[in-house]
Every structure is written in C-alpha cells, then in structure tokens.
Amino acid sequence: IAPEFVADGYLLPAASFSDRARLFRRLREEHELKYPVVLKPNVGQRGAGFKVIKSDSDLNNYLSRVPYDLILQRYIPDEKEVGIFYYSLPGAKRGEIFAVTQKIFPVVVGNGRSTLEELIALDKRASLIAKTYLDRFPDARNQVLAKNHVLRLVEAGNHCQGCIFRDGQHLFSHELRDRIDQISKALPGFFIGRYDIRYSSNDDLRRGENFKIIELNGAASEATNVYDARNSLLDAYRTLYRQWELVYAIGRANRDRGHRSPGVWSIWKDLSSYRSAA
C-alpha cells in the first residue's frame, strides 16, 4: 500500500540469538538494507526499545538484550519529522487531518573544551532530562566534543525519549490532507490514528510529496501537539476530549453498520500481551 511513501519494515520473530541473527542478515541481503538500520519492538510504547543499528556489534548487543518480536526497518535519514493525526468517519467521502505535530530533535554543539555531560548541563532544557540523554551515550559521557561537532541527542521522535514537540498546524495543506486520506482509504478498517513521518522539505510535505511513513499508530494513540509546552493544560484536555469524541463516534457508526465489539476476554488477552512486551 503506497510503498513509495512507506519505510519498508520486516518482522524478526522471537527466537534464539543465532536464528534471529541469521534472519537479520538474510533480510538485509534480500532487501538491500545497508547500515544503519532500525530495530524496534513489534509491540511497543513511547519509543522504548527503538535503536539505530550501525554495526554488527550494535546488533549483537541489541539481540542479546531484547528477546521479543522485533521490526527491522529501513533507516530514513531525513532530519525532519511530524506526527499527523488523521480521522475519517465511516462512510465519509473524505477524511481529515485533526492535528499536526512538528518534532524537534535537540542537539549539542562541541566547543573543544567541554565534555558531553558538561554541554548537556549548560543547556537549559536538556539539563532537565540529562540522565535520559547521558544513558544513551554511556561511552561519550566524559568525552570532549570537538569544536563545532554537532551531536543529535535523540533518534526516536518521542517526547519520552527527549524529543521536543511543537504544534505544526503551519505545515497543514489540502494537498497533504488529500495524500494522507488516499493512503488511509487503502487500509481496510482504518479510521483514526497517527502517522509518524520523516521528510526533508516543508514545501514538499505540504505538497504531499517526498516523505516516508515510519510508523502508524491506531485509535489508542494521541494527537501529540498536546505536548507542546506552550499549550495550557486546559487546551491539552480539550484536544484529547475532541479526539475521544471522534473515537466513540467512529465506534458507534461501525456498530450501526453491523460490526461487533470485541468481548471482555478478547480485550483482556490483548492487554496482557501488550503489557508483557512493553
């Protein structure tokens, strides 16, 4: 479905270390996946387990620590990322974009004198979650960064991992809406959720061109513009309430169209499976 707009990914099921390593190498060869690549849990939350794999050593360390089902995904090097929350009422001719979130990946710039830990401490915002960043670079903590060397502190576009979220409504366009709607309409049973997208040019994004979907999150996801620190708590709740009104309206419409709700036991099994992998 719209392969030109999707970063291809492949399942790496839970298995022995050697079996998964062999499958990893086979998938890389078959699909011409060069380092770096991305590994992440097939069922995950808040960016946990996301890792950019740059070498065989990275792979071995990751597979030895993470035993459950994984997704091997082509790495998209584009520096810009957005979260686009989309919805379409069952039977509607066209869906809509509910919210756009611009994601900012914080960096530190070396001065030739200060260690990574010192540079983070000097940054007013980064210092607030210094441990999150420093745990990501254990070997570089006490390393002096060369002058003008730029180190990106976050790879996963997730606020829990230290990414900065801003309301991105200025990136909205009718062309982008129509492109997201076209892609969504080709997904059977999909009516609401958030696309995480990487791209290089704001103008291209507004034209609905030259971007890659790296993740699609369903009805349980949120419009992440609520995490813009410039928003009030009341504004965030208003956005979430509007979102959940849409979720319930879509559910009601689907029931009216003859779809059955899952039973309590089915929900409990899904919840248990999710918790065990999270």
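The values are calculated or read from the model by the stated rules, or taken from the named source; none is laboratory data. Everything numeric here is computed off the predicted structure, so don't read it as measured data. Here Cβ is always computed from backbone atoms with ideal geometry, including for glycine, and neighbour counts include all displayed protein chains. Accessible surface is based on the protein model in full, side chains and every heavy atom, while ligands, DNA and RNA are left aside. Shrake-Rupley method; radii C 1.70, N 1.55, O 1.52, S 1.80 Å.
Structural remarks
- Globularity index of region 108-230, i.e. its alpha-carbon radius of gyration over 2.2 N^0.38 Å: 1.33
- What the Cα atoms of region 174-224 give is an Rg and a Dmax of 11.2, 31 Å.
- Sum of side-chain charges, Ser221 neighbourhood, beta-carbon under 10 Å (Lys, Arg +1; Asp, Glu -1): -2
- Think of each Lys and Arg Cβ as +1 and each Asp and Glu Cβ as -1; about the Cα centre, that makes the dipole of region 142-278 roughly 260 debye.
- Computed with a 1.4 Å probe on the full set of protein chains, the accessible area for Glu4 sits at about 110 Å².
- Each Lys or Arg adds one and each Asp or Glu takes one away; over the other residues whose Cβ falls under 10 Å from the Cβ of Tyr35, this sums to +1.
- Per residue, the chain reaches -10500 deg cm²/dmol at 222 nm when only DSSP H runs of four or more residues are counted, each adding -39500 (n - 2.57).
- For region 32-90 versus region 133-176, the spacing of their alpha-carbon centroids is 15 Å.
- Cross-link partners of Lys212 among aspartates and glutamates (Cα-Cα below 12 Å; sequence separation of 8 or more within a chain): Glu4, Asp8, Asp78, Glu79, Glu81, Asp196, Asp204
- Accessible area (Å², per residue) of the chain, counting only protein heavy atoms and a probe of 1.4 Å: 57
- For Ala92 and Arg152, the difference between the fully extended length at 0.36 nm per residue and the C-alpha to C-alpha distance is 17.4 nm.
- Cα-based Rg / Dmax (Å) for region 1-154: 19.0, 62
- Of Glu81, Glu29, Glu96, Glu245, the order by accessible heavy-atom surface (1.4 Å probe, DNA, RNA and ligands excluded), from most exposed downward, is Glu29, Glu245, Glu96, Glu81.
- Pairs exceeding 21 Å between alpha-carbon atoms, taken from Lys54/Lys124; Lys80/Lys124; Lys34/Lys54: Lys54/Lys124; Lys80/Lys124.
- Segment Ser114-Asp69, length gained on full extension (0.36 nm per residue, minus Cα span): 12.2 nm
- Normalised by the number of residues in the chain, the average gap of Cα pairs under 8 Å and 6 or more apart makes the relative contact order 21 percent.
- Compared with the direct C-alpha span, the chain from Asp78 to Ala2 gains 25.5 nm at full extension, assuming 0.36 nm per residue.
- R0 of 35 Å, Cβ-Cβ distance Glu245-Asn202: FRET efficiency to nearest 0.05: 0.70
- Sorted peptide list for 191-197, 265-271, criterion being average Cβ within 10 angstrom, highest first: 191-197, 265-271
- Accessible surface of Arg152 - all protein chains present, 1.4 Å probe, nearest 10 Å²: 60
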